[in-house]
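Step one of this worksheet: look at the structure below.
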Amino acid sequence: MNGDFIFNMDYERRDRLLGITGEWIAKRGTGSVRRFEFNDVRVLKQLIENNYIDPLEAHNSSPSVEKMFNFMATYPNVLTKGYATSPLRKDYRVTLDTLFVPKEHVTRTLKHDFVAFCTKTDECEMEGDLYAWWD
């Protein structure tokens, strides 16, 4: 993570954007991390503009948030998944770890560019749905 980035601590608004609910706890483990499912480029744009996610962050060997945003802006049918951490933790953040495209939106060009973009994945699917996950 970028040491100069200052996260917006309005976690209630962040959680509404991500569609997650529940009480947060401070300790690591259950209750301190929540997964979110299938957000589009509009949600990612709001997360970036409101400082809920660091555009320079990259989860392990994934592309940076900024690069994912640019890819999703080019291909608006690409969705992202990931997780948010508790506002009570020192490492409060939103992390992207998955890109996904439902098969009905896959074109030859999108598939070609998705394969080229999604390198060093821990899991991937390139037949039917497009799926890339970085652990």
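The values are calculated or read from the model by the stated rules, or taken from the named source; none is laboratory data. The model shown is predicted, which means the values in this text are computed figures rather than measured ones. So basically every Cβ, Gly included, is an ideal-geometry build from the backbone, and we count neighbours across all protein chains shown. Ligands, DNA and RNA are stripped out before the accessible areas are found, and what is left, the full protein with its side chains, is counted by its heavy atoms. Shrake-Rupley method; radii C 1.70, N 1.55, O 1.52, S 1.80 Å.
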From Asp97, Asp113, Asp91, which residue is among the acidic types (Asp, Glu) and assigned to a loop (DSSP other than H, G, I, E, B)? Asp91
Members of region 20-46 found to be closer than 21 Å to Asp91 by Cβ and surrounded by 12 or more Cβ atoms within 10 Å (Cβ to Cβ), listed by number: Ile20, Trp24, Ile25, Arg28, Gly31, Ser32, Val33, Arg34, Arg35, Phe36, Asn39, Leu44
If you take the residues of region 116-135 that are assigned to a loop (DSSP other than H, G, I, E, B) and open to solvent by less than 30 Å² (accessible area, probe 1.4 Å), which of them is farthest from Asn60 (Cα to Cα)? Cys118
If you scan region 76-111, which residues turn out to be over 18 Å from Ser62 (Cα atoms) and crowded, with 20+ Cβ neighbours inside 10 Å? Ser86
